[in-house]
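In what follows, a single structure is set out as structure tokens and then discussed.
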Amino acid sequence: MNKSSAGTPRPRPDLQAVIDAQAARLDAARPDAVARQRKRGRRTVREVVDLLADPDTFVEYGGLARPAVAAMEGAADGLVMGTAQMGGRPVDLLLYDFTVHAGTQSAINHQKMTRMFEHALKFRLPVLMWLDGGGARPHDMLIPARGKTPTFVVFARLSGWVPTVGVVPGRSFAGQANLAGMCDLLIGLRGAALGMAGPPLVEAALGIRYTPEEIGSMEVHQASGVVDLVVDDEAQAAEVARRYLGYFGPAQAPGGAADQLPMRELVPENPKRSYDVRSVVDTLADIDSVLEIKPLFGACVVTAFIRLNGRAVGVVANQPTQLAGAIDSDGSVKAARFVQICDAFDIPLLLLCDTPGLMVGPDAERTGLVRHSARLLAAIANATVPLMTVVLRKAYGLGYYIMGSQPLDPAILLAWPTAEYGGMGLEGAVNIIHGKELDAIEDPAERAALHARLTQALKDEHTAVAAASHFGYDDVIDPADTRELLLRTLDTLPPAAPRSERKRFIEPF
């Protein structure tokens, strides 16, 4: 090794070439690219790596890759990837760099991505992708004998093996959108855009020029359920991703909980009064441990990850503020996929039931409710993780059957004093049972009064205590004891056995 005039050893020329090549891919050597990201109001992908990865844990793969087209330049060929720790858990990170040919997918970075996906499969590592780019790089279509592109197939085969998270920070189209659609969790930044084809292809096909946001804004995809959560910036996206992946790791130290006495008042005595079931979820869970998924889609059902004394649990809860808790198609589809995710990774399920049943009427049927509600029942019935059911109020018809009833063999089936049980809505049952008697009464007021008396009589026969007397529940409890009884139940359940095979495939939403 040569020495400088100050006596500091100089690297050999071959080592110096490597050092120079490594430095050239970093932000300090690319001020113009950094400036372009600042103009977009975004961090560079290497700054995002610092947000995602625990300090001094990132190991880069393929950082010296360059575009296959000789005349083109591009640091890491537009894809920064490698292994890291997030919250102390190993992950594989893949981040498209929009400053390199608009984050397009190329022959080389497809090879890189396939390599990382195969790495994740072999070592069972969660995958987090930063999907910022415009699909295929057209220049690479001119490369002779480009070969096959297994990227999408390999990623699809990761489903159910490892948790997968996608983040859409800017504009994500075509191939990036396809990857986004296969992620277990998809996070979008406010103002970003997502679509199966970007503006140039849309204009070529339809003859109409749209902006990226007109094609697929985050508001559109949040309403349709495609995007699970929308956040304000990269830091918030990194924090949500870290929290989400944390539920799939080992149990954390036991967390504190809110005072449980207010649970007694969360469900109103008046059965016609609504309440937000999130208040029940928040009170039950360890403090600051709730992460709700798809809050603006399928709002008749709340799906959330929580912790109970440090242990991850998935919650499916009917939401009385929406359709009085009746289950519609969107709620069914949302809950079914959430159940699949929990089951694939052995996360126990807590079902909080307050539903008058499945949604009814011609509008509901036009949404495919027959199939979608069956999808939810099939998901829960085929799950092998422990189920725990708490009936908060209404437990009627097929809605209750799906939401953790006895035939689903929950580990524990509890009810609150406000619970009401029935094979169907009791008002409707009165119409069927006493139809002739009611029809014979001409005076509407008299008919209504009789209907009210008969309905109340049925309700008196179907209270929580009455149902428990026929062993319809394992117990009727003080709501303030719910958390403690769930914790004791969890303590009796053995941990999932280690698996060498995939448990189940998770359907794309």
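Selection over the stretch 433-489 of residues that are surrounded by fewer than 16 Cβ atoms within 10 Å (Cβ to Cβ), among the polar types (S, T, N, Q) and over 30 Å from PRO386 (Cβ atoms) gives a count of 1. Surrounded by fewer than 24 Cβ atoms within 10 Å (Cβ to Cβ), touching a strand residue (DSSP E or B) at 6+ places or on another chain (Cβ under 8 Å), modelled with pLDDT of 95 or more and on the phi > 0 side of the Ramachandran plot - does that describe any residue in the stretch 300-308? No: the stretch 300-308 contains no residue that is surrounded by fewer than 24 Cβ atoms within 10 Å (Cβ to Cβ), touching a strand residue (DSSP E or B) at 6+ places or on another chain (Cβ under 8 Å), modelled with pLDDT of 95 or more and on the phi > 0 side of the Ramachandran plot. Only a single item in (1) assigned to a loop (DSSP other than H, G, I, E, B); (2) out of contact with any Ser or Thr (no Cβ under 6 Å at 6 or more places or on another chain) is not met by ASP276, and it is number (2).
Just one of the numbered conditions (1) under 18 Å from ALA102 (Cα atoms); (2) touching a helix residue (DSSP H, G or I) at 6+ places or on another chain (Cβ under 7 Å) is not true of ASP32: (2).
Say whether the condition of being under 27 Å from PHE338 (Cα atoms), modelled with pLDDT of 85 or more and of a type in the set (A, V, I, L, M) is met by at least one residue in the stretch 415-433. There is at least one residue in the stretch 415-433 that is under 27 Å from PHE338 (Cα atoms), modelled with pLDDT of 85 or more and of a type in the set (A, V, I, L, M). Residues that are among the aliphatic types (A, V, I, L, M) and buried (at least 23 other Cβ atoms within 10 Å of the Cβ) were ranked within the stretch 98-119; the one that is nearest to ALA33 (Cα to Cα) is VAL100. For the stretch 215-230, state whether one or more residues are under 26 Å from LEU308 (Cα atoms) and not aliphatic (A, V, I, L, M). Yes: one or more hits.
Regarding ASP97, is this residue within 20 Å of the chain's Cα centre (by Cα), of a type in the set (D, E, K, R) and either on the phi < 0 side of the Ramachandran plot or in the same structural domain as LEU201 (by TED's automatic domain parsing) (or both)? No, not satisfied.
Here's the yes/no breakdown for (1) in contact (Cβ under 8 Å) with a residue 12 or more places away in the chain; (2) more than 22 Å from GLY170 (Cα to Cα); (3) not assigned by TED's automatic domain parsing to the domain that holds LEU323:
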site: GLU214; (1), (2), (3): no, no, yes
site: ASP232; (1), (2), (3): yes, no, yes
site: ARG242; (1), (2), (3): yes, no, yes
site: ASN270; (1), (2), (3): no, yes, no
site: SER274; (1), (2), (3): yes, yes, no
site: SER279; (1), (2), (3): yes, yes, no
site: LEU284; (1), (2), (3): yes, yes, no
site: VAL290; (1), (2), (3): yes, yes, no
site: ILE293; (1), (2), (3): yes, no, no
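Within the stretch 158-172, does at least one residue satisfy the condition of being more than 22 Å from ALA335 (Cα to Cα) and surrounded by fewer than 21 Cβ atoms within 10 Å (Cβ to Cβ)? No; the residues of the stretch 158-172 include none that is more than 22 Å from ALA335 (Cα to Cα) and surrounded by fewer than 21 Cβ atoms within 10 Å (Cβ to Cβ). If you go through the stretch 445-480 and keep only what is at pLDDT 90 or above and not in a helix (DSSP H, G or I), you end up with PHE471, GLY472, TYR473, ASP474, ASP475, VAL476, ILE477, ASP478.
Assess whether GLY195 counts as being among the small types (Gly, Ala, Ser), free of Cβ contacts under 8 Å to residues at least 60 places away in the same chain and over 30 Å from ARG89 (Cα atoms). Here the answer is yes, as GLY195 does meet what is asked.
Out of the stretch 383-410, which residues are charged (D, E, K, R) and more than 30 Å from ARG502 (Cα to Cα)? If the condition is that a residue be charged (D, E, K, R) and more than 30 Å from ARG502 (Cα to Cα), then ARG393, LYS394 are the ones that fit. Criterion first (of a type in the set (A, V, I, L, M, F, W, C), at pLDDT below 95 and assigned by TED's automatic domain parsing to the domain that holds PRO126) does ALA84 satisfy it? When the stated conditions are applied, ALA84 does not pass them. Go through the residues of the stretch 357-380 one by one and say whether even a single one is assigned by TED's automatic domain parsing to the domain that holds ASP409, in contact with a Phe, Trp or Tyr (Cβ under 8 Å, 6 or more places away or on another chain) and touching a residue at least 40 places away in the same chain (Cβ under 8 Å). Yes, the stretch 357-380 has at least one match.
The values are calculated or read from the model by the stated rules, or taken from the named source; none is laboratory data. The shown structure was predicted, so the numbers you read here are calculated from the model rather than taken from an experiment. In this analysis, Cβ positions are derived from the backbone assuming ideal geometry, glycine residues included, and neighbour counts consider all displayed protein chains.
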